[in-house]
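Chemist: Encoded as structure tokens, here's the structure I'll be asking about.
The values are calculated or read from the model by the stated rules, or taken from the named source; none is laboratory data. As the structure is a prediction and not an experimental result, all values here were calculated from the model. Positions of Cβ are generated from backbone atoms using ideal geometry, with glycine treated the same way; all protein chains shown enter the neighbour counts.
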Amino acid sequence: MNEITLHGIAAAPGIVMGRAFVYKKHIPRIEEKAIPPEDVKKEIERLRDAVSRSEKELQKILSFAEQKIGNSKAKIFEAQIMILNDAVLFDSIYKRIEKERKNAEFVVHGEIAKYQQLMLNSSDEYMRERAHDVEDIKNRIIRNIQEQKLISRFEGGSVVVSQSLTPADTILFSRNDILGYATDMGGVTSHTALLSRSLKIPAVVGLKDITSHAAPDDFMILDGYAGVIVINPTEETIANYKRRSREMAKFEHRLNELRDLPAVTADGKEIELSSNIEFAEEMRFTKSQGSHGVGLYRAEGLLIGRDTFPSEEEQYREYKSIAEKAFPNKVIMRTFDIGGDKVISQSYEEENPFLGWRGIRVALDRPETFITQMRAILRASTKKNIWVMFPMVSSLREVREAKELVFQAKASLRAEKHSFDDGLKIGVMIEVPSAAVLAGEIATEVDFLSIGTNDLIQYLLAVDRGNDIVSQLYQEFEPAVLRTIRHIIKEAHKHKIPVGMCGEMAGEPVATVLLLGLGLDEFSVIPTVLPEIKKIIRSVTVKEAQKIAAKALTFSTVKEVKEFLVGQ
Ligand code: PEP
Ligand code: MG
């Protein structure tokens with residue numbers, strides 16, 4: 001059997017190994033049936049019973065959730081119970097059964113689906129998320145009408161693999177002493193992610209197609225730190241993960257002490273250690289991991305599931321909330337990076353989206369959208385803890401044009417007597433090779449640089465970051481990558497501006513000492529790896545790191561670089 005590695009989103013930390021329990025959700029079959037007039041009362045009774053059974057189930061889940069994750073987080077289930085008690089909704093369902101003489105599940109499905117559609121059409125992200133809760137309620141009632149059993153007990157000690165998990169599934173399954181959750185769907189702020197973190201169950205979500213790769217009882221490794229699943233791992237992979245798991249367990253143990261300690265090298269150089277986020281809701285988790293602030297806020301989270309750009313007001317509220325949560329630390333906000341693999345509803349297909357209309361290119365072609373976003377960012381900047389940066393810059397012209405638009409945004413705000421941080425720091429992401437070559441010139445135009453290795457590596461090595469066939473070639477330790485990073489840092493420092501890294505390489509423990517030695521000022525990483533990176537930073541002196549970096553840069557193959565760094 002071949003080893004298969006799948007990458008998703010690290011939702012809850014921990015490394016576990018075990019057999020897969022592939023959970024297929026019961027999707028109720030809904031048939032439309034006519035009910036004879038004499039049976040209408042019975043049909044209504046059938047529905048009342050089902051609603052009451054559903055409520056009992058939810059009450060049980062609620063009290064279990066309260067014990068396990070606390071009252072405030074268990075409130076999701078209270079909200080579901082409230083829907084079951086919604087008199088307006090159920091009155092119309094009962095009336096329709098009476099009038100149309102149709103079977104209960106058909107009417108329940110139709111009425112609740114209408115409700116759900118209204119929520120899905122809402123411009124409010126929160127309401128759209130709640131539409132999934134309503135789906136859960138609908139399926140719960142229909143299952144109870146059809147008198148199907150609730151699956152909640154199964155063999156413990158397995159990794160639950162599923163397309164998606166409802167909050168109720170996530171809580172209920174946790175009673176079975178399960179090892180972890182792996183789902184096709186979901187993001188960092190999905191219920192599965194939030195609840196599994198609270199339940200301390202390692203989880204990887206957003207795997208896209210794990211349900212088509214994993215068969216029941218397949219042995220697998222789930223790495224909730226890196227967001228990786230390995231199905232049918234080789235002995236060697238198992239040994240590697242066991243080692244990593246032991247190391248991480250030790251780190252976890254020290255997490256509490258580490259959280260409040262600064263990210264400072266053994267000889268006292270302060271390093272900024274911040275995190276990458278996409279939603280305001282992630283701030284709490286990020287802080288609990290000991291973050292100094294946000295080194296990359298991916299604003300595209302605001303665009304998910306919608307065709308139009310959010311208004312200035314909506315953006316302002318979101319940015320303000322993040323800045324307030326991070327205060328007194330800073331947040332580096334990236335202007336919309338759309339195109340490539342990022343969300344946008346396009347009216348045409350691009351042959352090569354990664355080389356197409358992306359990032360700053362879209363912003364400069366649509367200045368009104370960019371100015372709206374800049375106005376929202378500036379208005380949210382009154383506490384002076386927001387910096388802004390532009391993605392996918394490939395020339396100096398783009399930097400100058402974008403700065404000119406920021407200038408215009410400021411002028412319009414000034415004219416309207418809005419307050420904002422006039423000294424708002426402006427930076428550029430270095431993620432296109434031409435920008436790396438021109439790092440020095442770009443540095444003369446801006447206040448800071450941030451290296452986006454995810455894209456920089458793909459463009460420098462001409463390897464599509466999402467293409468499994470060439471994934472072996474996507475190597476952060478390629479000497480060409482390391483020398484490019486060295487060049488960018490040197491150029492930034494020559495012009496006396498700080499330089500950070502927000503690509504995933506910043507969160508790669510093997511790279512930490514090397515990057516420190518090259519002089520990187522800021523590491524922005526996914527929150528789950530923060531403690532590990534902090535621990536490494538605190539363990540070396542700048543001199544030692546410089547020596548290691550200098551040596552690592554002398555090698556000419558990935559293998560040599562890696563062997564050297566791992567051996568340190
Ligand atoms: C990067 O390219 O390194 C980066 C941080 O941006 P994204 O992954 O969002 O493209
Ligand atoms: Mg990028």
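Chemist: Go through the range 14-67 residue by residue and tally those that are farther than 30 Å from residue 231 by Cα, in contact (Cβ under 8 Å) with a residue 60 or more places away in the chain and hydroxyl-bearing (Ser, Thr, Tyr).
Modeler: 1
Chemist: In addition: Every residue in the range 137-188 that is farther than 30 Å from residue 298 by Cβ and of a type in the set (Val, Ile, Thr), please.
Modeler: 137, 141, 142, 145, 151, 178
Chemist: For the range 473-504, name all the residues that are more than 16 Å from ligand 2 (Cβ to nearest atom) and of a type in the set (Phe, Trp, Tyr).
Modeler: The answer is 477, and nothing else.
Chemist: Does any residue in the range 444-457 that is free of Cβ contacts under 8 Å to residues at least 12 places away in the same chain and polar (S, T, N, Q) come within less than 6 Å, Cβ to Cβ, of a residue that is away from ligand 1 (no atom under 15 Å from the Cβ) and outside any helix (DSSP H, G or I) six or more places away or on a different chain, and which pairs are these?
Modeler: none
Chemist: Further question on the same structure: Sort out which residues of the range 196-247 are loosely packed, with under 15 Cβ neighbours inside 10 Å, farther than 30 Å from residue 73 by Cα and under 23 Å from the mean Cα position of the chain (by Cα), and write them in order of number.
Modeler: The one that is loosely packed, with under 15 Cβ neighbours inside 10 Å, farther than 30 Å from residue 73 by Cα and under 23 Å from the mean Cα position of the chain (by Cα): 212.
Chemist: Only one of (1) crowded, with 22+ Cβ neighbours inside 10 Å; (2) within 16 Å of ligand 2 (Cβ to nearest atom); (3) of a type in the set (Gly, Ala, Ser); (4) part of a helix (DSSP H, G or I) fails for residue 443. Which number is that?
Modeler: Failing condition for residue 443: (2).
Chemist: Then there's this: From the list 494, 535, 562, pick out the single residue that is in contact (Cβ under 8 Å) with a residue 24 or more places away in the chain, away from ligand 1 (no atom under 15 Å from the Cβ) and touching a Gly at 6+ places or on another chain (Cβ under 8 Å). So that I can check it myself, show each step before the final result.
Modeler: Values: 535 fails: touching a Gly at 6+ places or on another chain (Cβ under 8 Å); 562 fails: touching a Gly at 6+ places or on another chain (Cβ under 8 Å).
Testing whether each residue is in contact (Cβ under 8 Å) with a residue 24 or more places away in the chain, away from ligand 1 (no atom under 15 Å from the Cβ) and touching a Gly at 6+ places or on another chain (Cβ under 8 Å) leaves just 494.
To keep it simple, each residue is scored yes or no on (1) more than 27 Å from residue 290 (Cβ to Cβ); (2) out of contact with any Pro (no Cβ under 6 Å at 6 or more places or on another chain).
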position: 205; (1), (2): no, yes
position: 210; (1), (2): yes, yes
position: 213; (1), (2): yes, yes
position: 222; (1), (2): no, no
position: 241; (1), (2): no, yes
position: 255; (1), (2): no, no
position: 261; (1), (2): no, yes
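Chemist: Any residue in the range 348-360 that is closer than 16 Å to residue 428 by Cβ and at pLDDT 95 or above? Reasoning before the result, please.
Modeler: Here is the first cut: in the range 348-360, the residues closer than 16 Å to residue 428 by Cβ are 358-360.
Right, trim to at pLDDT 95 or above and you get 360.
The answer is yes; a qualifying residue exists.
Chemist: What is the residue count in the range 478-517 for residues that are of a type in the set (D, E, K, R) and either within 20 Å of residue 275 (Cβ to Cβ) or surrounded by 24 or more Cβ atoms within 10 Å (Cβ to Cβ) (or both)?
Modeler: Adding up the residues that qualify gives 2.
Chemist: Can I ask one more? Taking the residues in the range 414-438 that are away from ligand 2 (no atom under 16 Å from the Cβ) and in contact with an Asp or Glu (Cβ under 7 Å, 6 or more places away or on another chain) as candidates, determine which candidate is nearest to residue 465 (Cα to Cα).
Modeler: Going residue by residue through the range 414-438, those that are away from ligand 2 (no atom under 16 Å from the Cβ) are 414-426, 437-438.
This time we only want the ones that are in contact with an Asp or Glu (Cβ under 7 Å, 6 or more places away or on another chain), so: 425-426.
Details: 425: 30, 426: 27 Å.
Result: 426.
Chemist: Could I ask something else about it? State which residue pairs qualify: first residue without any contact (Cβ under 8 Å) to a residue 12 or more places away in the chain and part of a helix (DSSP H, G or I) and inside the range 316-330, second residue surrounded by fewer than 20 Cβ atoms within 10 Å (Cβ to Cβ) and among the small types (Gly, Ala, Ser) in any location, beta carbons under 9 Å apart, and separation of 6 or more residues or different chains.
Modeler: none
Chemist: Could you tell me whether any residue of the range 448-464 is within 15 Å of ligand 2 (Cβ to nearest atom), in a loop (DSSP other than H, G, I, E, B), of a type outside the set (Ser, Thr, Tyr) and surrounded by fewer than 22 Cβ atoms within 10 Å (Cβ to Cβ)? Walk me through it before giving the result.
Modeler: At the first step, the residues of the range 448-464 found to be within 15 Å of ligand 2 (Cβ to nearest atom) are 449-461, 463-464.
Add one more test, that the residue is in a loop (DSSP other than H, G, I, E, B), and what stays is 452, 463-464.
Of the ones still in play, those that are also of a type outside the set (Ser, Thr, Tyr) are 452, 463-464.
After this cut, where a residue has to be surrounded by fewer than 22 Cβ atoms within 10 Å (Cβ to Cβ) as well, the list is 463-464.
Yes - at least one qualifying residue is present in the range 448-464.
Chemist: Any residue in the range 300-310 that is modelled with pLDDT of 85 or more, closer than 22 Å to residue 391 by Cα and away from ligand 1 (no atom under 16 Å from the Cβ)?
Modeler: Yes, some residue in the range 300-310 is modelled with pLDDT of 85 or more, closer than 22 Å to residue 391 by Cα and away from ligand 1 (no atom under 16 Å from the Cβ).
Chemist: Specify which of the listed residues (469, 426, 488) is modelled with pLDDT of 95 or more and within 25 Å of the chain's Cα centre (by Cα). If you could, list the steps in order and put the result at the bottom.
Modeler: Numbers: 469 fails: modelled with pLDDT of 95 or more; 488 fails: within 25 Å of the chain's Cα centre (by Cα).
Result: 426 is the single residue among 469, 426, 488 that is modelled with pLDDT of 95 or more and within 25 Å of the chain's Cα centre (by Cα).
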